[in-house]
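The values are calculated or read from the model by the stated rules, or taken from the named source; none is laboratory data. In this text the structure is predicted, and so the values were computed from the model without any measurement. Note that we place each Cβ from the backbone using ideal geometry, even for glycine, and neighbour counts take in every protein chain shown. Quick note on the areas: whole protein, heavy atoms, side chains included, nothing else; ligands and nucleic acids left out. Shrake-Rupley method; radii C 1.70, N 1.55, O 1.52, S 1.80 Å.
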Amino acid sequence: MASLKTTYMGIELETPLVVAASSISSFLERIQSAEQAGAGLLVIRSLFEEQIQLDALRLEESLSVGSESFAEATTYFPNIEHGGADEHLMWIEKTRAGTKLPLVASLNAVSPGAWTKYAKQLESTGVDGLELNIYAVAADPEVSGAQLEKTLFKIVESVVGEVKIPVSVKMSPFYTSVANVAAELDKRGVKGLVLFNRFLQPDIDPGTESLKQEMVYSSPEELKLPLRWVALLYGRVKADLALNTGVHSGTDAAKAFLAGAQIVQIASALLENGIPYLSTMLRELEGWMDEHGYENLQEVRGKMSQKKIEDPFGFERAQYVKLLMSQK
Ligand SMILES: Cc1cc2nc3c(=O)[nH]c(=O)nc-3n(C[C@H](O)[C@H](O)[C@H](O)COP(=O)(O)O)c2cc1C
């Protein structure tokens, strides 16, 4: 039977299937179910910048009795179920006590600020690593890509300087040069690159002429985007590559490791099929490795990366031209 043991950012994992930041980490039963099913690590849902602002507003409110600011402010953040940062930190401590799984905390960082101290507080809960979730839509026409990247690097530098645990960045796929941003993050001491953050796309309901903000799970088709970028970056950055988005089966995970992923992160497949489905995925991956004669993940990793395959342009433009020209 093939061994699935691996490491991620220097953390020892029993398996390379990792629970992505999601509502799975909001319930101890789900976390323990993931542990039983054989997850290698759990990423805890993000502490959002808005939650930190919420705590600051609460403090302001408690200092100025009679003010309406807090009640008003909470309506600005209708999507926050878990209250402020303090509740979040307490929940992580409870999670730490309730599972033996390695844990990574996630911080949603959009702008540099005093809140970087929360990176330190997350570290003090006993987590093994910290993931930075840079979830922001670059919608301001006055702000250039270069400016956005400068902000990103500033955030990363301040957080990496603040904590001793390894830091990863959950990247957006929408940079003009994903490879360059990855390399720049690598230079700044990031130990993991999570490819990619999945931006929720609001829909429009033509009946009510209103915005539809619903959580739509990923599909296996979405795997191709991170697969390409993992294959392109493998061997070109020191940081471990975590493939995220669209992993729905053990064979999807096999593709990720062939491309060069160190681990895969999964949310949708577990929320759709139930957490124990993770053990089915693990069995499928093991079965595939046995069938192909692999004893461990090192033998698989990166075999289909751009660096190693015979057609290095397969992941770039050449394939595109060939395919389009061959269509009747
Ligand atoms: C219900 C739900 C909650 C999520 N919460 C977070 C979060 O707090 N932080 C984060 O970085 N990503 C969050 N995500 C995104 C997932 O971590 C993951 O990046 C995304 O779902 C793509 O992976 P998948 O294809 O396996 O679902 C959430 C996803 C879902 C479905």
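What to note about this one:
- Ranked packing of 27-38, 4-15, most packed first, by mean Cβ within 10 Å: 4-15, 27-38
- Net charge dipole size for the stretch 186-328 [Lys, Arg +1 and Asp, Glu -1 on Cβ; Debye, nearest 20]: 820
- Using a probe of 1.4 Å, the accessible surface attributed to Tyr294 totals some 30 Å² when neighbouring protein chains are kept in position.
- The 1.4 Å probe gives accessible areas that order Ile204, Ile263, largest first, as Ile204, Ile263.
- Residues whose amide H lies under 5 Å from that of Ser106, counting only those 5 or more places away or on a different chain, are Ile44, Leu47, Glu131; hydrogens are built 1.01 Å from N in the peptide plane.
- A simple charge model with +1 on the Cβ of Lys and Arg, -1 on the Cβ of Asp and Glu and nothing else charged puts the dipole of the stretch 207-282 at about 400 debye relative to its Cα centre.
- Percent carbon-and-sulfur accessible area, the chain, ignoring ligands, DNA and RNA, probe 1.4 Å: 55
- For the stretch 140-265, the tally of Lys pairs with Cα-Cα distances below 28 Å comes to 29, considering only residues 8 or more apart or on different chains.
- Computed per residue of the chain from DSSP H runs no shorter than four, each worth -39500 (n - 2.57), the mean residue ellipticity at 222 nm is -12500 deg cm²/dmol.
- In sequence order, calculated HN-Hα J values of the stretch 238-247 (Karplus, 6.51, -1.76, 1.60; Hz; x Gly/Pro): 7, 5, 5, 9, 10, 8, 9, 4, x, 7
- Available extension along the chain between Lys322 and Asp140 is 61.8 nm, counting 0.36 nm per residue and deducting the alpha carbon span.
- The residues of the chain have, on average, 51 Å² of accessible surface per residue, using a 1.4 Å probe with all protein chains present.
- Residues whose amide H comes within less than 5 Å of that of Ile266, counting only those at least five positions distant or on another chain, are Val18, Val19, Ala20 (H built at 1.01 Å from N in the peptide plane).
- Rotationally averaged projected area of the stretch 252-328 (alpha carbon convex hull; nm²): 7.3
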